[in-house]
Amino acid sequence: MILQALTEYYQALRERGQITPPGWSRVKVSFALCIDADGALERVLSLQEEMPEGKKAALRPRLMTLPAPVKRGSGISSNFLWDNSSYLLGMDGKGNPQRAKECFEACKILHATILAGVDSPAAAALSAFFRTWEPEQAGEHPALAEYLKEILSGANLVFRYCGEFVHTDPAICRAWDANYQQKSDGPEMVCLVTGEKGPVENIHPAIKNVRGAQPSGAALVSFNAPAFCSFGKEQNFNAPTGKYAAFAYTAALNHLLADRYHVYSMGDTTVVCWAKQGGSAYQNFLGWACFGQELSYSAADLQGILRKLCAGNSVEFEEEKLSPEMEFYILGISPNAARLSVRFFLRNTFGAFLKNVQEHQRRLEIAKSSYDKFETLPFWKLLDETVNHNSREKSPAPNLSGELLRSVLNNTRYPATLLNGVTLRIRAERELTRGKAAILKAYYLKNPHPDVPKEVLHVSLNPDSTNVPYNLGRLFSVLEAIQSAANPGINATIRDKYFSSASATPAIVFPVLLNLAQKHLKKMEVQLRVYYDKQLTDLLCKFPEGYPARMNLPQQGAFQLGYYHQTQARYEKKEEKQNV
């Protein structure tokens, strides 16, 4: 299903003219070897471009459309019309001249084979270059001196003749296309992607730009051990994929991964998304709804568009028409040595995904401070709430990102690992942020529990709630406020010492805290003391049977929400006074 969806996406991109045809690919190139009609190297031209990198500009290779790269293992296999210095010049910076010479010979044979019979000045010049070039003398060639160090570092090179790039010559392009179409060593089998019979690919092109994977690329489809093989089939013949389909799905996925504006990281998972018929507007809008991508629209306009799409209406967005019925895909992949692991693959209509996201955002709604810049909490922010930022590895649990995304986009129960991660951070940090409180509220709304009734799962403070754990959290917040008011500028409050134990064993902790609060009240002015006394009296009346000896995990969640709501209500009053 993944390969079929990517192949269809490739076809849509081809119709829009946004992707290279079969046999061609976008390649990063740093230098051009300028040759004359006799194949002699005249000079080296730098193709690097200045790109912004932070506050400075840095030189980066130019992206060019070139013959598709070969899949390299440990053997020698040359690209056509471009490659590194080992193949085009017979020299490298790795101290292995014999291998570099073998690479050059392989490149020379490849070009002689494809260019045989091609009648064009560029083809004649290139053929002459390979006939006359002497790798042993390459290091002393004056044309290479200026950029020799960079060339030997592995930079990609192309050829240039009479002011034009050789790979743009029409006759040479036709020769390459003919060679690509007939070149296949695979047996005749039925392609699992297209259903057509023909030669299948043994090794598929590499997938690049996956965070954490090898820079040279990794394989999405791969069989590397006898245990993974069956019926006498080896390597990718276990999942026969035709030449066109193998190129199409890898080209489409590489196109998605190269578009860094629409690639999202969630822990160790790289996430891409696309509409069946293409169009970046779909990607942009889902990026805003799920991943916090910034757009030029106001928050009110975006929310209005979201409501229309969720209601089943088409809308105009970024000069494109967004249809809620458009088939949409979301793919999450993670690196695994030289291979890729699929964390999740989700398929639904665009409107259905957005509707599920909207429900998720409604569950997350909770009181927040005025300086909080997030209107809605993106996925990465939720995952960040489960991370220990003092540790060396600042990543969420490996499977959590996929589990969370699946639960939200399919509108199913949230994973228990999300609650466990947040609970551990609250216990360790003794701090309840908006994100942590929102996760607690959303989790128990979607995963109901009798010890966390809906009366505690409000957006803001519910003073009418009779839930004991919730009101104990409110009481703890008031006790902390009393301590802070009696000791202005205090560095550590009762939260730093008693928060976890108060939520777990309130019968032991609260008598101690109330006794301490009475001492703090004596330090205050009469008006302030009366204000806090009234709050304490109102809350203590809610515990006619005393405090529970112990509270379980869901009850502790209700406690934490009560504390958060009460604290936010106090901050809101302060902000109102400041505004006045």
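The values are calculated or read from the model by the stated rules, or taken from the named source; none is laboratory data. Everything numeric here is computed off the predicted structure, so don't read it as measured data. So basically every Cβ, Gly included, is an ideal-geometry build from the backbone, and we count neighbours across all protein chains shown. To get the accessible areas, we keep the full protein, side chains included, count just its heavy atoms, and leave off ligands, DNA and RNA. Shrake-Rupley method; radii C 1.70, N 1.55, O 1.52, S 1.80 Å.
Miscellaneous remarks
- Matching entry among Thr505, Thr567, Thr466 (being farther than 21 Å from Ala428 by Cα and either open to solvent by 20 Å² or more (accessible area, probe 1.4 Å) or under 45 Å from the mean Cα position of the chain (by Cα) (or both)): Thr466
- Asn348 meets all of the listed conditions (1) of a type outside the set (Val, Ile, Thr); (2) modelled with pLDDT of 90 or more; (3) in a helix (DSSP H, G or I); (4) crowded, with 16+ Cβ neighbours inside 10 Å but one, namely (3).
- Scanning region 78-100 for residues that are out of contact with any strand residue (DSSP E or B) (no Cβ under 8 Å at 6 or more places or on another chain) and surrounded by 15 or more Cβ atoms within 10 Å (Cβ to Cβ) yields Ser78, Ser86, Tyr87, Gly90, Met91, Asp92, Gly93, Pro97, Ala100.
- For region 384-435, a residue qualifies if it is more than 22 Å from the chain's Cα centre (by Cα) and among the basic types (Lys, Arg), and the qualifying residues are Arg413, Arg425, Arg427, Arg430, Arg434.
- Out of Ala178, Ala171, sole residue that is more than 35 Å from the chain's Cα centre (by Cα), at negative phi, of a type outside the set (Ser, Thr, Tyr) and open to solvent by 30 Å² or more (accessible area, probe 1.4 Å): Ala178
- Figure legend. Inter-residue proximity from region 341-355: first residues touching a residue at least 60 places away in the same chain (Cβ under 8 Å) and on the phi < 0 side of the Ramachandran plot, second residues of a type in the set (A, V, I, L, M) and open to solvent by 40 Å² or more (accessible area, probe 1.4 Å), beta-carbon distance below 9 Å, spacing 6+ or different chains. Indicated pairs: Phe345/Met1; Arg347/Met1.
- For region 379-417, filtered to residues that are basic (Lys, Arg) and in a helix (DSSP H, G or I), the residue that is least open to solvent (accessible area, probe 1.4 Å) is Lys381.
- Set Gln560, Gln518, Gln527: member being among the polar types (S, T, N, Q), under 14 Å from Phe476 (Cβ atoms) and either in a helix (DSSP H, G or I) or open to solvent by 60 Å² or more (accessible area, probe 1.4 Å) (or both): Gln560
- Residue that is nearest to Ser216 (Cα to Cα) [pool: residues in region 137-148 that are without any contact (Cβ under 8 Å) to a residue 24 or more places away in the chain and part of a helix (DSSP H, G or I)]: Leu148
- Filtered residue count, region 12-25, keeping only those that are at negative phi and surrounded by fewer than 15 Cβ atoms within 10 Å (Cβ to Cβ): 4
- Scan of region 262-279 for residues that are of a type in the set (S, T, N, Q) and at pLDDT 90 or above, ordered by number: Thr270
- Of all residues in region 164-217, those being touching a Cys at 6+ places or on another chain (Cβ under 9 Å) and either touching a residue at least 60 places away in the same chain (Cβ under 8 Å) or assigned to a loop (DSSP other than H, G, I, E, B) (or both) number 1.
- Subset of region 281-297 [closer than 19 Å to Ser265 by Cβ and assigned to a helix (DSSP H, G or I)]: Gln283, Asn284, Leu286, Gly287, Trp288, Ala289, Cys290, Phe291
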